[in-house]
1. So which helices (runs of 4 or more DSSP H) stay within the stretch B:434-529 end to end and still have 3 or more residues that are within 14 Å of chain A (Cβ to nearest Cβ) and farther than 21 Å from residue B:277 by Cβ?
2. How many residues does the stretch A:213-227 hold that are away from chain B (no Cβ under 11 Å) and either surrounded by 19 or more Cβ atoms within 10 Å (Cβ to Cβ) or in contact (Cβ under 8 Å) with a residue 24 or more places away in the chain (or both)?
3. State whether one or more residues within the stretch A:99-116 are surrounded by fewer than 24 Cβ atoms within 10 Å (Cβ to Cβ), closer than 25 Å to residue A:184 by Cβ and in contact (Cβ under 8 Å) with a residue 12 or more places away in the chain.
4. For the condition within 14 Å of chain A (Cβ to nearest Cβ) and under 16 Å from the mean Cα position of the chain (by Cα), what is the one hit in B:363, B:395, B:348?
5. Given the conditions (1) in contact with a helix residue (DSSP H, G or I) (Cβ under 9 Å, 6 or more places away or on another chain); (2) modelled with pLDDT of 90 or more; (3) more than 30 Å from residue B:494 (Cβ to Cβ), which single one is not true for residue A:36?
6. Do you know which residues across the stretch A:180-209 are crowded, with 16+ Cβ neighbours inside 10 Å, within 14 Å of another protein chain (Cβ to nearest Cβ) and assigned to a helix (DSSP H, G or I)?
7. If you scan the stretch B:198-221, which residues turn out to be in a loop (DSSP other than H, G, I, E, B) and touching a Phe, Trp or Tyr at 6+ places or on another chain (Cβ under 8 Å)?
Amino acid sequence: MKQEISKPSQSQRGSVRKSQKALPHAFLLSVPQWIGVLAVFLALVLFLPTAWEAWESFDPELNYRVPYETSQDYWQYERHLKQRTQENDIFFVGDSVVWGEYVTADATWSAFLNEQAAGEYQFVNLALNGLYPLALEGLVRHYGSDLRHGKVMLHCNLLWMSSPSADLSQSKEQVFNHPTLVPQFRVSIPSYRATLDTRLGRAIGHQWSFLAWVRHLQIQYWEQKDPYAWTLADNGKYPPAYPNSYTMPWSVVDGRLISEPDMDPDRGMQSTRHKPWSDEGVGTQRFDWVPLDDSLQWQAFQRLCQVLQDRGNDLIVVLGPFNQHIMTVDNRAKFKAIENEVKQWLESRSIVYSAPKLLNSSLYGDASHPLTQGYRQLAESLWNDLDFKAWLSR
Amino acid sequence: MLFHTWTFLIFFPIVFLGYLAFKKTSLRVPWLLAASYVFYGSWNPFYLLLIIYSTALDYWVVAWMEACGSSKSAHSSSRRWASLLQWRSPVRSLRVAAWIGRVGLLLSLGLGLMGPAGSQAVACLLGVLSLTMMFAASMQSRKAWLGVSMINNLSFLLYFKYADFFIENANQLFVRLGFNIQWPEAATLMPFGWEYLLPVGISFYTFQSMSYTLDFYFGKLPREKKFLNFATYVAFFPQLVAGPIERAASLLPQFEKAPRIRIKDITDGASLFLIGLFKKLALANYLSYYVERVYGMPDEFGGAALALATLAFAWQIYFDFSGYTDMARGIALMMGYKLMLNFNRPYLATSLGDFWSRWHISLSTWFRDYVYIPLGGNRHGAKKAYLYLGITFLLSAIWHGAAWTFIIWGLLHAVGTMATRELESQAWYHDRVPIALKRLFVFLFVSFAWIFFRAETVSDAWLIVSRIAGSAWTDPAMPLLMVGLIVLMWAYQWLQETRFRIWTEAAWFKVMGAVFMLIWLCFFSSSGGAFIYFQF
């Protein structure tokens, strides 16, 4: 039986043509229409955040710090920075030691420095809770361009080199704060296992401030969620209730920013957390210090110094003071060696530094965070430091 | 790699620019094929082995089928039987095929007797395939070659999609009948300890490849001589993992020469991509959260929530799947390739038959052309037509997955299609029942059937149905925003089928609509997962 090999049948070709022609959408845009779309979209992208700044009132006090709940609101961080670029402003950049983990906003290191300066200088708390050098580097790179040419105090906390886990160099995956800020591609961070897509999204997100502004809205008004998730959020109880189901997301956008609570149960003298580390019954510890040559956090700190220097910042590094009381005696030698290495590196790069003296044991809340009185002493000691004075006045 | 990810938004411009650079060279098709394999391999590089093997086999099967055709007049039936007895063929290319069959047979024997535990099933399949190849080559039988292709393609589908279902049900049957037999799980049959994973989109590319073999067998299509063209047809990345299931007659000729890319193709493609992205990220993903909440614990929600979640799922699956198709068509169109329409406002259908001419058109036409019509179609009277329709729907249901829920879903559609076909033949229904009412009825019926499609188990589905009908209608807590979006989208679709469509075609409407979608995506897009139809 001979089999005919034929071209596609008439009906087949007909149905193919028909399906190709049939377009159920009226939404096929022409070239001029696409140009119009892109023009309007770009205008909105550029205009909306600026207009928002005008509408949403933000008048930070002298000792303002980005509230704990909004630590990931980098757009707000940048906005704070933009508003504080007067001549006598000194920007204090760092992690939760500078931010003030156990203390209220008026009892931080920068707040007590403001007390000392009595208006001669204004020390701006430009720290965020939960930062560490790898994230701090990203924060300054992407959201700190307004620091350019300013006087910057950069805090160096050796806690981040105190173990492979803190250094993020252990191969086990870890969940940590501010993952969007760590280098997504330039540096291999063994503890960071984000997918390629997540990394790309994070890298692109930093390049487009509109997305940071959208994140600002999500953090400030929608409980850190996207508006969809916010409408579906439950109250965390069982059986659950869904308080936002019948509220439109935009109806809660009232222009009032999240501020620090008046009586923060977690911070300040009245807080149960505000107590010396030894009161917890924690004994001395042995830290598994990471050699500086291998430390990812130290490399990030070095790069950060370079970025600031390249931007023409007048830089001083404030080193520690790490709570050495918490260390076993034999562990202190290793710490000292690392501290000396840091100092040598700073000197080799002609970076001014100040290393305040170790505080009394009772003035530390943990391995690195001072309590209120500790910050007061640190501010006094720094203010009276001659090198610091010389740096301030130059 | 999903279309709505940053990775794809980097991948596609690279592919597109490379494509433009190679468009007028002989590297055009290899470039597309390489891009398609990178795209597919990004899920799991081992999947590539499967698709390459499947492609190569179907390509050669058709070549050997062609060799049979050309030699038929030269060799009588008796000579072919003689060839079979001697296990050799007078045609050179078929002799090669017979040798491959022999080697395959030896391998299967070796694997079966000396291979690692679990490789016996593979050995068995290889043996059957090799024997069929030897038979087809010796007998110069086109039908046997078609059998080789079918055995190969369907065995992969059977193993990866249906084995667990059959084994589980067979084991239950053995227990009930009192036999002391328990078949091992399908995963234990994987050779060399490889992981038992359902290859993404296997049903789509297998059906696409099979349509080529079938069309050639039925004489509707000439053989594609260029292997790379055929491989690109099977693996073309825009539609590889979730369709539309293209026909060789439509797509293969498009690879023959470089398509002309007009500016309009790019703008239309970008429009389709934007719409698809919006459907997936802004609509489908949002609805999925509510559906998951309710369907995840159906016994904890009242009738209202379950009914609304069912309606939400109807829209979720539509936005999810048609969104993917829009993106696929948009991406292909930007490169100058035209893929078939897969969805045409299905929830405005006035009968179940009409629904299936608007929903997953590429699959329903596939089953129509390769199952329903070959079975007999409408040619043998209404009763037989309904029987064939039932079989077609059953197979279509099984295509979606091996579970009783899918089978019930398919049978519901079969019954619904027959019922509405009968109703449409009645003058009172056809002429007097308002179209809006018919549409509402079809939508509600389809939504009801989706309960079985979405529920994890049949008992879950029954529970949902019984709770919708019988439990108290407490506060469903369906977000108002979600309700608003559904109403808006329904109204928009309805507008498209009325004379007011012209409004939506106004330039200002389109520009503002696209800007709205872009801004909305920035604000509201939630990081959703894969497309629902990837699991098929």
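1. Correct list: B:480-496, B:501-504.
2. Count: 5.
3. No, that holds for no residue.
4. Going through B:363, B:395, B:348 in turn, just one is within 14 Å of chain A (Cβ to nearest Cβ) and under 16 Å from the mean Cα position of the chain (by Cα): B:363.
5. Condition (3) is where residue A:36 drops out.
6. Once the filter is applied, which keeps residues that are crowded, with 16+ Cβ neighbours inside 10 Å, within 14 Å of another protein chain (Cβ to nearest Cβ) and assigned to a helix (DSSP H, G or I), the stretch A:180-209 yields A:180, A:197, A:198, A:199, A:200, A:201, A:202, A:203, A:205, A:206, A:209.
7. Correct list: B:198, B:199, B:200, B:201, B:221.
Per-residue answers, yes or no, for (1) among the small types (Gly, Ala, Ser); (2) at pLDDT 90 or above:
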{"site": "A:228", "(1), (2)": "no, yes"}
{"site": "A:234", "(1), (2)": "no, yes"}
{"site": "A:247", "(1), (2)": "no, yes"}
{"site": "A:256", "(1), (2)": "no, yes"}
{"site": "A:264", "(1), (2)": "no, no"}
{"site": "A:272", "(1), (2)": "no, yes"}
{"site": "A:282", "(1), (2)": "no, no"}
{"site": "A:292", "(1), (2)": "no, yes"}
{"site": "A:295", "(1), (2)": "yes, yes"}
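The values are calculated or read from the model by the stated rules, or taken from the named source; none is laboratory data. It should be emphasised that the depicted structure is a prediction, and the values quoted were computed from it without experimental measurement. We place every Cβ from the backbone using ideal geometry, glycine too, and count neighbours over all the protein chains shown.
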